[in-house]
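Written below as C-alpha cells is the structure these notes are about.
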Amino acid sequence: MGTINTERKFQEARWDEPIILEMGNSGERGVLMPSAEEKVQKAVGPADALLPEGLRRKNAPALPELSQMQVLRHYLRLSQETIGTDINIDIGLGTCTMKYSPKIHENFVRSPKVRDLHPYQDESTVQGMLEIIYKTQEYLKSISGMDAISLQPSGGSQAIYGNVAAMRRYHEEHGNGHKDEIITTILSHPANPGAASTLGYKVITLYPGPDGCPDIEALKAAISDKTAGLMITNPEDTGIYNERIREFVDLVHSVGGLCCYDQANLNGVFGLTRAKDAGFDMCHYNLHKSFSSPHGCQGPGAGAQCVTSALAKYLATPTVEFDGNKYFLDGDHADSIGKLRKFYGVPAVMVRTYAYIRTLGADGMKQIAELSILNNNYLLLELLKIKGLNMPLAEGKRRLEQARLSWEELTGETGVTTDDICRRIVDYGFQDYFASHHPRVIPEPFTPEPVETYSKDDIDEFVAAFKSIAKEAYETPEVVKSAPHKAALYTQIDDSGLSDIDKFAVTWRAYKKYVAKK
Amino acid sequence: MKLGFVINPYAGIAGSLALKGSDGSEIREKALRAGAEKKALVRAETFLRFISPHKNNLEFYTYGGDMGESSLKKMALPFNVLGRPDAPETSAYDTTQAISLMKEAGVDCIVFLGGDGTARDVCSVLGDAIPVVGVPAGVKMHSAVYAKTPTDAAELILSLLSSSSPLFKLGEVMDIDEAQFRQGRLSANLYGYMKIPVARHMQGKKSVNLGEQDALYGAAKFVAREMEGGKDVFYVVGPGTSTRCIFDLLGLEKTLLGVDVLFEGRLIKKDAAAADLKTLLKGEEGRKYKIVVTTIGGQGCLFGRGNQQIDPDILRGLSKNDIIIVATPEKLLSIPGALYNDTGDPELDRFLSGYYRIRTGDRVEAVFLCK
C-alpha cells in the first residue's frame, strides 16, 4: 500500500481574473498584420471586397482587444483555477463514469492520419477511418447483442432521441398511430422523458417502491393499448439492479410496445448482461463514458444507437458497411429517421472506443464491470461508517457500480446540507460531487462512482476527506456551511437570479443589453 | 433582515402524554401536572444556535417572556420586545397580538414555533402578507408551513439572507378538531394559506431544476386543456394553490379554500357546500361530472381532509378516470408511501384505492398508489 496523504493543505490558485470581455484596451493587438504589397493590392483590390456584400459586417464586432501575452496569461490563470479529472480523484461525479482515459488514445486521435481527415473526402481516401467505425459497430453488436448499430449520434441524449424517433417510425408503419404514451421512471435520466415529450408523446412516470426499483404493479396499471414503449435504465443511479427487468419488458411487449434500455453508463453490467438477451428492442451507449474518452467539458461525446433487426431500417444514417472489398457510407434507407447531426458521427471518440475495446478484449470488458462493482462495494463499506451518512432504499441489498447516498441524518443533526458538503469537498482538492438529478427522490443526495480505474489508496483518500468533513459538520458546522475557503472561488454564488428572467443572460451581449443596464 | 420570532411555549406539551394536541388550558394543566416539559423552548434554542453566527445580519423582533424573549436572551442574541403577554400562562390571543405587532413593525419574515393551532393563529392575522417559517414544535402538524427540523428552518432563513430573488410558495394551514380527535374522530380542515420560502438547492452540473412552479404550471395547462374540451361535463374543483393555477389559466377566480364548479368553461358555483354539489350534480338523472383535486403535501390525503364538501355521496359511483389529480413530482415525493382517503366511509375508501395517473406536468403523468 502506498502513502495516502489525508492532510494535503490544498490551496487552489486564486487569481480573481476578470472575464476576458472586460479586459484590454482599444487598439491592443496580438498580431499586427502587415498591409499587402502595393502590387498585390492593385491586382486584387481591397481585401474586404473579396467577400460578397451580404457577408460583410457593417460594424466591427465588439471583441476584446489584447496582446498575445495578456491572452496567454489570462487562460493559463483560468487553467489553474480548474480541477480536471486528471488532477483529482474523480470519484464524486457519479453517473458520469469518470474512468481513466488512456493517454495513448490521444496519440491516435491527434495523429495527422486522424486529425487531418475531412468529412468531404472521397470514401476511397478514408478507408482506414471507415474500417475503424465499421469494426466498432461490429464490436458493439457483440456487446449489446443487438443486430444493427448507428454511431451517428453526438452523445447519449441524441442517441435516446434517435431511439424514440425510431420507435415512432415503427409504430407509424405498423398502424399504431394511436400509441401516444411512453413509460419511464422518475430516476431515469431526464433525456428519456425529454426525448419522448419532444417527439410528441405523453410521458408516464413510475416511482420507486421500497426495493428501490420502479413499482411493477404501477407498470401494470400504466400499460394499455396506448403504450408506445418503455424507456428504462438498469441499474438506475441508485446502483440497484432490477431483477424483474424481464417481466417489465414482457409486460410492455404484451401490449405491443417497444422497450428501450438506457445504457449511457454500461460499467455495472459490461460483459455480464446484454440488452437484447433481456428482451430489449433497443439500447444506447455513451461511448465517452463506459468506453473511455475525456468528457465533461473536456471533449466531445458520442452515442451509439443499437437496435434489433426489426428496427434496423429506422437507424440514423449514415452507417458504415463493408461489401467484402471496401468500406462505404450507407445512407440509403428510405425508412431511416435520417441524420441526427452532420456527417458520420464523432470520429475521435470512435477511435478511442475502438482502441479501448481492442486493448481490453472480451475478458477485459467483463473485468471492467467486476472491478467497478468491487470498488463501489468497498467504497460503500467505508463511506457508510461515517456518522450521518446513509443509503436509503432497499436496505441490505448490494449496489452495482454506483450508489445514491443521503446526508439527511447529518443535515438534521447539524444543519449542514449536501450542497454545503459539495462546496467543502473542493477545499480538500477534489472536484465537487454529483448530488442527483431533479427532482431529488432521495433527500440530501450524494452519488459517488469509483469506476474500475481507481485504486484502494485512491478510494481511501476519498473516504478520508468525507470523514473529515462529517466531523467538521458535527464540531464546527460553520466551516462547512461557509465553504469553499481554499478554492479559486471563495464566495458562495447567489444563483437565485437564475429563476428571474430579468437577472440572467446567456451571452455577454445579452448581459450588457438587458441585465447590466437595469 | 428584520426577523419576527415567536414561540408558543405550550406547543407540543401534551404530545408525549398522548393527549393529542395542546389546545385549551385544561389540557395544559393536565400535561404540566403529569410532568410534561416545554419542548418548544428546547427547539427554539436549536434554531437560534444555528442562526446565531449570522446575528449581525438579523434584527430580531419578539414577544415577552417564554414567547421569545427568554430564548433570545439565553442565546445572547440582541432583540426588540414588541409587547408582553398579560398573564404568565400565554394563549392564542397573545400569539395573534405578537403577530399583529410584528406586522406593524414591518418585519421581513416571521419564524414561529408551534403546531397547527399556532399556525392557525398566525395565519388568522397574517394570511399570506409576510413570509413565515414554521419550526415544528406541536403535536398536530398537518399544515404544510413547517421546515422539517429547527436546523432546516435556520437554513431557510439563511437562504433568504443570501438570495437576491428568493422564491416563495403558499403552504396549507390545516388543523383538526382536537375534541373530536380525542373521541377517535379525525376531522381536518383547511384554514388558509401562508407564504413560505422555497428551499434552494445548488444547481448540480448535470441537473437543471426547472422548479416546482414550472411543473405545476405545466400540469395546470394539461388539465385546463382537458377541461376546455369536456362537453356536458361538470368539473368539481377542490381547494388549493394547484387547482387555483388551473383557474388562473382559464381566466377564472378560484376560491382558494373552497370547492368551485365549472360547466363548459363557465364558473357556475363558487365555494359550493356539500348540499350545493348534490343539488347541482344529482338534481337530474345522468349528469356527468368529474372531480379535480390535489393532495396535501407531506400528507397524501386525497379526499376527506380539507375538501369535505366533496362528500361520499358525490364520490360514490365515480370511476377513477373521473378523478383528476394534480400534483408536482416534489409534492408526490414528500408523501410517505402512498395517497389515502378518509371519507368517513371505509367501503368507499376501499373503492377509491388503487393506482392513479396523477398530472405532474404538461402531458406528464405519474402512476401513484392510493391505499
Q: Return the average number of partner chain Cβ atoms within 10 angstrom of each residue Cβ along peptide A:214-224.
A: 3
**Q.** the stretch B:2-197: relative contact order in percent, alpha carbon pairs under 8 Å with at least 6 residues between
**A.** 24 percent
Q. Stretch A:Asn25-A:Asp502 to full length: gain in nm at 0.36 nm per residue minus the Cα-Cα span?
A. 168.8 nm
(Q) Sort A:Leu360, A:Leu199 by Cβ crowding within 10 Å, fewest neighbours at the top. (A) A:Leu199, A:Leu360
**Q.** Student exercise, the stretch A:363-486 dipole from Lys, Arg, Asp, Glu Cβ charges, in Debye to nearest 20
**A.** 200 debye
Q: Determine the shielding of peptide B:147-155 by partner chains: average, over its residues, the number of Cβ atoms on other chains within 10 angstrom of each Cβ.
A: 4
Q: Sort all Cα-Cα distances of the stretch A:107-358 into consecutive 5 angstrom bins from zero, then give the percent of pairs in each bin up to the one containing the longest distance.
A: 1, 6, 14, 19, 19, 16, 11, 7, 4, 2, 1, 0
Q | Cα-based shape type of the stretch A:129-174, given that a ≥ b ≥ c are square roots of the gyration tensor eigenvalues and the cut on a/c is 1.5 | A | prolate
Q. So what is log10(I(q)/I(0)) for chain B at q = 0.12 1/Å, when the Debye sum runs over its Cα atoms only?
A. -0.93
Q. Mean 1/r over all different Cα pairs, inverted: what Kirkwood radius does the protein assembly as shown give, in Å?
A. 30.9 Å
Q.
Under 20 Å between alpha carbons: how many lysine pairs meet that in the stretch A:107-358, if sequence neighbours fewer than 8 apart on the same chain are excluded?
A. 17
Q | For A:Phe434, residues with placed amide H under 5 Å, excluding near neighbours | A | A:Leu93, A:Gly94, A:Thr447
Q: May I ask you to derive the relative contact order of chain B, considering only C-alpha pairs under 8 Å and at least 6 residues apart, and to give it as an integer percent?
A: 13 percent
Q | Qualifying GluC sites (Glu not before Pro) for the stretch A:387-461 [loop in DSSP, other Cβ within 10 Å: at most 10] | A | A:Glu395
Q | Average silhouette area of the stretch B:2-197, convex hull of alpha-carbon atoms, in square nanometres | A | 10.1 nm²
Q) Fewest to most neighbouring Cβ within 10 Å: what's the order for A:Thr491, A:Thr238, A:Thr82, A:Thr319? A) A:Thr491, A:Thr82, A:Thr319, A:Thr238
Q) How large is Rg/Rh for the stretch A:34-189, to two decimals, with Cα atoms and a Kirkwood Rh? A) 1.10
**Q.** Amide H contacts under 5 Å for B:Gly138, placed H, 5+ residues apart
**A.** B:Gly114, B:Gly115
Q: Return the Rg/Rh value of the stretch B:113-180, two decimal places, where both radii are evaluated on C-alpha atoms and Rh is the Kirkwood radius.
A: 1.00
(Q) I need the phi-derived Karplus couplings for the stretch A:229-238: 6.51 cos²θ - 1.76 cosθ + 1.60, θ = phi - 60°, integer Hz, Gly and Pro marked x. (A) x, 10, 10, 9, 10, 7, x, 6, 4, 6
Q.
What are the extents of the Cα atoms of the stretch A:1-80 along their three principal axes, in Å, largest first?
A. 72, 28, 23
**Q.** the stretch B:81-127 versus the stretch A:81-155: alpha-carbon centroid distance in Å
**A.** 65 Å
**Q.** Stokes-Einstein D for chain A, Kirkwood Rh over Cα pairs, 37 °C, 0.692 mPa s (µm²/s)
**A.** 127 µm²/s
Q. Shape call for the stretch B:212-370 from the C-alpha gyration tensor, a ≥ b ≥ c root eigenvalues: rounded (a/c under 1.5), prolate (a/b greater than b/c) or oblate?
A. oblate
Q. If you count the DSSP beta bridges with both ends in the protein assembly as shown, what percent of them are antiparallel, to the nearest 5?
A. 40 percent
Q | GNM flexibility winner over chain B from B:Val173, B:Val81, B:Val135 (Cα, springs under 10 Å) | A | B:Val81
Q) Say we join alpha carbon atoms closer than 10 Å with springs in a Gaussian network model of chain B; which of B:Gln309, B:Gln299, B:Gln213 then has the biggest fluctuation? A) B:Gln213
Q | Global form of the stretch A:242-361, assessed from the alpha-carbon gyration tensor, a/c cut-off 1.5 | A | oblate
Q. For the protein assembly as shown, what is the calculated [θ] at 222 nm in deg cm²/dmol (nearest 500), taking -39500 (n - 2.57) for each run of four or more DSSP H residues and dividing by its residue count?
A. -10000 deg cm²/dmol
Q | Relative contact order (%) - chain A, alpha-carbon pairs under 8 angstrom, separation at least six | A | 20 percent
Q. Where does each of A:423-432, A:43-52, B:282-291 land if you order them by average Cβ count within 10 Å, highest first?
A. A:423-432, B:282-291, A:43-52
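Only the coordinates and a few stated rules stand behind these numbers; no lab work does. Note that the coordinates shown come from a computational prediction; the quantities given were computed from them, not determined experimentally. FYI the Cβ positions are ideal-geometry reconstructions off the backbone, even for glycines, and counts take in every protein chain you see.
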